[in-house]
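Novice: One structure follows; several queries about it will come next.
The values are calculated or read from the model by the stated rules, or taken from the named source; none is laboratory data. Computed from a prediction, not measured in an experiment: that's the story for all the values here. All Cβ positions, glycine included, derive from the backbone under ideal geometry; neighbour counts span all protein chains shown. SASA here: full protein model, heavy atoms, side chains in, ligands and nucleic acids out. Shrake-Rupley method; radii C 1.70, N 1.55, O 1.52, S 1.80 Å.
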Amino acid sequence: MLVLLPPSEGKADAGTGRRLDLTRLSLPGLTPAREEVLAALVTLATGDPETARATLGLSPGQAGELRRNARLREAATAPAGRIYTGVLYEALDLASLPPAALRAARRSVLVSSGLWGAVRLTDRIPPYRCPIGVKLPGVGALAAWWRRALAPAMTEAAGDGPVLDLRSGAYAATWTPRGELAERTVTVRVLHERDVDGVPVRSVVSHFNKATKGRLVRDLLLAGARPRTADGLVTALRDLKYPVLEQPTATGRPRVVDVVVTEL
């Protein structure tokens, strides 16, 4: 099973180990594309500050983010599983997983990224600021950039097993499984159900969404789930007592399921 996660805006303050080496990251076929995005981001961060802040959506008080981007090639790194923080990764709580579950996470999880395309939890990266909605000089819109680069690498990473796609919409746009692989892919939406004047109302709420996705992956890892098909993946979620509602899906498109939660 391949699990696709979004990154987090929140990141560790600093790495703790060696400098960045793109050639040591997973999915080596992405190295040339990563190098171009990295070069463009560093060039932007070392140029006009106002232009850089506007491009990256930073306020004047976030000058530290620009300095961090400017030093990406020299900065200390840490495993991506430690760099990414925020609600989803707090709920996943990698540090507390038992050894077998942690090994499974390292094998199965890929994190989408505007800068790296996708990385495994063990890949050593520095903290950075590069949202997927950014347009970098010389590279253009990152979502379109990665759509051109990601397909072969992601298809190979998926192998012949199911794919659990928990990416947010902007990151999901960078790679859409097609054909037979799409039919092995399960995309999860998290809906918050609450009572409004006696009527159950469901809506997407960011905090519930992120926390639930983190817990969902954690529970699958702790259970040692190894589904071999999309049906098996949906069954595994139900066995873990997640309320799963399947949505109609066109042939050749990823399956969409809703996980309904009533509390965080």
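Novice: Could you tell me which of the residues ARG253, ARG202, ARG189 is open to solvent by 40 Å² or more (accessible area, probe 1.4 Å), assigned to a loop (DSSP other than H, G, I, E, B), modelled with pLDDT under 95 and not aromatic (Phe, Trp, Tyr)?
Specialist: Numbers: ARG202 fails: assigned to a loop (DSSP other than H, G, I, E, B); ARG189 fails: assigned to a loop (DSSP other than H, G, I, E, B).
Going through ARG253, ARG202, ARG189 in turn, the sole match is ARG253.
Novice: Could you check LYS210 against (1) open to solvent by 50 Å² or more (accessible area, probe 1.4 Å); (2) farther than 20 Å from TYR84 by Cβ and say which number it fails?
Specialist: The single condition LYS210 does not satisfy is (2).
Novice: Quick one: would you say ARG167 is of a type outside the set (Phe, Trp, Tyr), touching a helix residue (DSSP H, G or I) at 6+ places or on another chain (Cβ under 8 Å) and surrounded by 16 or more Cβ atoms within 10 Å (Cβ to Cβ)?
Specialist: no
Novice: Being out of contact with any helix residue (DSSP H, G or I) (no Cβ under 6 Å at 6 or more places or on another chain) and either open to solvent by 60 Å² or more (accessible area, probe 1.4 Å) or assigned to a helix (DSSP H, G or I) (or both) is the requirement here; does ARG82 meet it?
Specialist: Spelling it out, ARG82 is indeed out of contact with any helix residue (DSSP H, G or I) (no Cβ under 6 Å at 6 or more places or on another chain) and either open to solvent by 60 Å² or more (accessible area, probe 1.4 Å) or assigned to a helix (DSSP H, G or I) (or both).
Novice: Limited to the stretch 150-164, what total is found for residues that are outside any helix (DSSP H, G or I), β-branched (Val, Ile, Thr) and either under 22 Å from LEU115 (Cα atoms) or open to solvent by 30 Å² or more (accessible area, probe 1.4 Å) (or both)?
Specialist: Matching residues across the stretch 150-164 total 0.
Novice: Do we find that SER8 is open to solvent by 20 Å² or more (accessible area, probe 1.4 Å), closer than 30 Å to LEU220 by Cβ, not aromatic (Phe, Trp, Tyr) and not in a helix (DSSP H, G or I) in this structure?
Specialist: The answer is no for SER8.
Novice: Could you please let me know if THR46 is free of Cβ contacts under 8 Å to residues at least 24 places away in the same chain, open to solvent by 30 Å² or more (accessible area, probe 1.4 Å) and of a type in the set (S, T, N, Q)?
Specialist: Answer is no for this residue.
Novice: Every residue in the stretch 177-193 that is under 22 Å from THR251 (Cβ atoms) and in contact with a strand residue (DSSP E or B) (Cβ under 9 Å, 6 or more places away or on another chain), please.
Specialist: Within the stretch 177-193, PRO177, LEU181, ALA182, GLU183, ARG184, THR185, VAL186, THR187, VAL188, ARG189 qualify.
Novice: Sticking with this one: Just for the stretch 228-250: of the residues that are open to solvent by less than 20 Å² (accessible area, probe 1.4 Å) and touching a strand residue (DSSP E or B) at 6+ places or on another chain (Cβ under 9 Å), which one is nearest to GLY179 (Cα to Cα)?
Specialist: Residues of the stretch 228-250 that are open to solvent by less than 20 Å² (accessible area, probe 1.4 Å), as a first pass: 230, 233-234, 236-237, 244.
Applying the additional criterion that residues be touching a strand residue (DSSP E or B) at 6+ places or on another chain (Cβ under 9 Å) yields 230, 233-234, 237, 244.
Numbers: ALA230: 14, LEU233: 18, VAL234: 19, LEU237: 24, VAL244: 24 Å.
Within the stretch 228-250, the match that is nearest to GLY179 (Cα to Cα) is ALA230.
Novice: Looking only at the stretch 129-149, count how many residues are buried (at least 21 other Cβ atoms within 10 Å of the Cβ) and either among the β-branched types (Val, Ile, Thr) or under 14 Å from the mean Cα position of the chain (by Cα) (or both).
Specialist: 4
Novice: For the stretch 22-31, check the following and say yes or no: at least one residue is open to solvent by less than 40 Å² (accessible area, probe 1.4 Å) and of a type in the set (Val, Ile, Thr).
Specialist: Quick first cut of the stretch 22-31, residues open to solvent by less than 40 Å² (accessible area, probe 1.4 Å) only: 22, 25-27, 30-31.
From what is left, the residues that are of a type in the set (Val, Ile, Thr) are 31.
Checked the stretch 22-31: at least one residue is open to solvent by less than 40 Å² (accessible area, probe 1.4 Å) and of a type in the set (Val, Ile, Thr).
Novice: Sticking with this one: Can you find, within the stretch 49-61, the residue that is nearest to GLY140 (Cα to Cα) among those that are assigned to a helix (DSSP H, G or I) and in contact (Cβ under 8 Å) with a residue 24 or more places away in the chain?
Specialist: Step one: list which residues in the stretch 49-61 are assigned to a helix (DSSP H, G or I), which gives 49-56, 60-61.
Okay, now just the ones that are also in contact (Cβ under 8 Å) with a residue 24 or more places away in the chain, so 55-56.
Details: THR55: 11, LEU56: 13 Å.
Restricting to residues being assigned to a helix (DSSP H, G or I) and in contact (Cβ under 8 Å) with a residue 24 or more places away in the chain, the top hit is THR55.
Novice: In addition: Restricting to the stretch 208-250, what's the tally of residues that are in a loop (DSSP other than H, G, I, E, B) and either within 19 Å of LEU191 (Cα to Cα) or touching a residue at least 24 places away in the same chain (Cβ under 8 Å) (or both)? Steps first, answer last, please.
Specialist: Applying the first criterion (in a loop (DSSP other than H, G, I, E, B)) to the stretch 208-250 yields 224-229, 240-243, 247-250.
Add one more test, that the residue is either within 19 Å of LEU191 (Cα to Cα) or touching a residue at least 24 places away in the same chain (Cβ under 8 Å) (or both), and what stays is 224-229, 240-243, 247-249.
So the answer is 13.
Novice: Could you tell me whether the stretch 103-121 includes any residue that is in a loop (DSSP other than H, G, I, E, B) and farther than 22 Å from ALA54 by Cα?
Specialist: Start the filter on the stretch 103-121 by keeping residues that are in a loop (DSSP other than H, G, I, E, B), which leaves 114-116, 121.
Retained after the next criterion (residues that are farther than 22 Å from ALA54 by Cα): 121.
Within the stretch 103-121, one or more residues are in a loop (DSSP other than H, G, I, E, B) and farther than 22 Å from ALA54 by Cα.
Novice: Here is a further query. Given the criteria surrounded by fewer than 16 Cβ atoms within 10 Å (Cβ to Cβ) and under 25 Å from THR176 (Cα atoms), does GLU74 qualify?
Specialist: So GLU74 fails the test.
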